[in-house]
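The values are calculated or read from the model by the stated rules, or taken from the named source; none is laboratory data. Worth saying up front: this structure is predicted, and the values here are computed from it rather than measured. Methodologically, a virtual Cβ is constructed for each residue, glycine included, from the backbone with ideal geometry; neighbour enumeration extends over all protein chains shown. Surface accessibility is based on the protein's heavy atoms, side chains included, excluding ligands, DNA and RNA. Shrake-Rupley method; radii C 1.70, N 1.55, O 1.52, S 1.80 Å.
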Amino acid sequence: MSRIENQFTVQFWGVRGSIPSPGPHTVRYGGNTPCISMQAGDKRLIFDAGTGLHVLGQSMLRQMPLEAHIFFTHSHWDHMQGFPFFSPGFVKGNDFHIYGAIAPDGSTIEQRLNDQMLHPNFPVPLQIMQANLNFYDIRPGQPIHIDDVTVETAPLNHPGEAVGYRVNWHGGAVAYITDTEHFPDRLDDNVLWLARNADILIYDSTYTDEEYHCPTSPKIGWGHSTWQEAVKVAQAANVKTLVIYHHDPAHNDDFLDRVGKQASAKFPGAIMAREGMVLQIPTSVVLSESFPVSKFSS
């Protein structure tokens, strides 16, 4: 296997939560909503389809024909609003495998992507996309195997439900856990299971503890966590690198600079998610499993 074929990387295309936040005060970290890509050998995986997916799609146009696997955590606007603007999806000969859990109302990910592209919300329907779109309904708790890549899944604590993912390839592991709210009295077993011994943990750190518990405008029940809780998870799960992710739209670059300093002081492996950032995952060491591998809580 060549050096390039043996690479395991993750790249960040959208790191902002809730709503796109472009402007002079979000230049360093970026204003696009969630989208990351992973390259595991010759397999391309994409997680979430926020406005960052448009940027990723433009970069992919030079590489056609394409095949990629797109995983949705859930279908709130900030995680799917980039899909209608995903240019490679309109090009015949490209092949995309699209995964998502069935929503509480019974709708599939195909139905939800179709609905957002209907009048009066959007001018052209999903069916105008010329790429081959293959849809898969997943059950959180069941793994997905793509040749030698294993994608583990678990339910997260979020209004309307969400799915967390862990990608395992050649001994390397990346956990993508966004749009989840921590519990007040314990760490979430599902989050710990996905994060166990991970090389990289990408975690929803929308708020600070002070914002979450603010007496005048608390964020309890809004479905998101804090960077302080992210540190607790990273420490308990023996994570190597913690990526603070899903930045609040009100957090400008200077604010995020301060969060980064505070987080790295508590956990030396903590870094802030930035658009364009690329991280390499080592694949030479097989990770040990010290957490239960089939425990899920609803």
Requested in this report: Have a look at Pro104, Pro125, Pro120 and point out the one that is more than 19 Å from Arg44 (Cβ to Cβ), more than 18 Å from the chain's Cα centre (by Cα) and modelled with pLDDT under 95.
Outcome: Pro120
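Would you confirm whether or not segment 14-26 contains a residue that is over 27 Å from Gly260 (Cβ atoms) and either open to solvent by 10 Å² or more (accessible area, probe 1.4 Å) or free of Cβ contacts under 8 Å to residues at least 60 places away in the same chain (or both)?
no
Which of the residues spanning segment 85-113 are open to solvent by 10 Å² or more (accessible area, probe 1.4 Å) and either part of a helix (DSSP H, G or I) or within 19 Å of Gln39 (Cβ to Cβ) (or both)?
Correct list: Phe85, Ser87, Phe90, Asp95, His97, Tyr99, Glu110, Gln111, Arg112.
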Report task. Being among the acidic types (Asp, Glu) and either in a helix (DSSP H, G or I) or buried (at least 24 other Cβ atoms within 10 Å of the Cβ) (or both) is the filter here, so list the residues in segment 39-56 that pass it. Result -> Asp48
Query raised in the report: Can we say Pro34 is within 14 Å of the chain's Cα centre (by Cα), buried (at least 18 other Cβ atoms within 10 Å of the Cβ) and at pLDDT 95 or above?
Result: yes
Query - Subset of segment 207-235 [surrounded by fewer than 24 Cβ atoms within 10 Å (Cβ to Cβ), in contact with a helix residue (DSSP H, G or I) (Cβ under 6 Å, 6 or more places away or on another chain) and not basic (Lys, Arg)] - result: Asp209, Gln228, Val231
Query raised in the report: Tally time: how many residues in segment 160-187 are closer than 21 Å to His79 by Cβ and either out of contact with any His (no Cβ under 9 Å at 6 or more places or on another chain) or in a loop (DSSP other than H, G, I, E, B) (or both)?
Result: 15
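This table checks each residue for (1) under 17 Å from the mean Cα position of the chain (by Cα); (2) open to solvent by less than 60 Å² (accessible area, probe 1.4 Å); (3) not aliphatic (A, V, I, L, M).
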{"site": "Met129", "(1), (2), (3)": "no, yes, no"}
{"site": "Phe135", "(1), (2), (3)": "no, yes, yes"}
{"site": "Pro155", "(1), (2), (3)": "yes, yes, yes"}
{"site": "Asp185", "(1), (2), (3)": "no, no, yes"}
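Matching residues to (1) within 26 Å of Asn190 (Cβ to Cβ); (2) assigned to a helix (DSSP H, G or I); (3) of a type in the set (Phe, Trp, Tyr):
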position: Met60; (1), (2), (3): no, yes, no
position: Ile70; (1), (2), (3): yes, no, no
position: Leu133; (1), (2), (3): no, no, no
position: Glu152; (1), (2), (3): yes, no, no
position: His158; (1), (2), (3): yes, no, no
Query raised in the report: Restricting attention to segment 190-232, which residues are in contact with a Leu (Cβ under 7 Å, 6 or more places away or on another chain) and on the phi > 0 side of the Ramachandran plot?
Result: Asn197
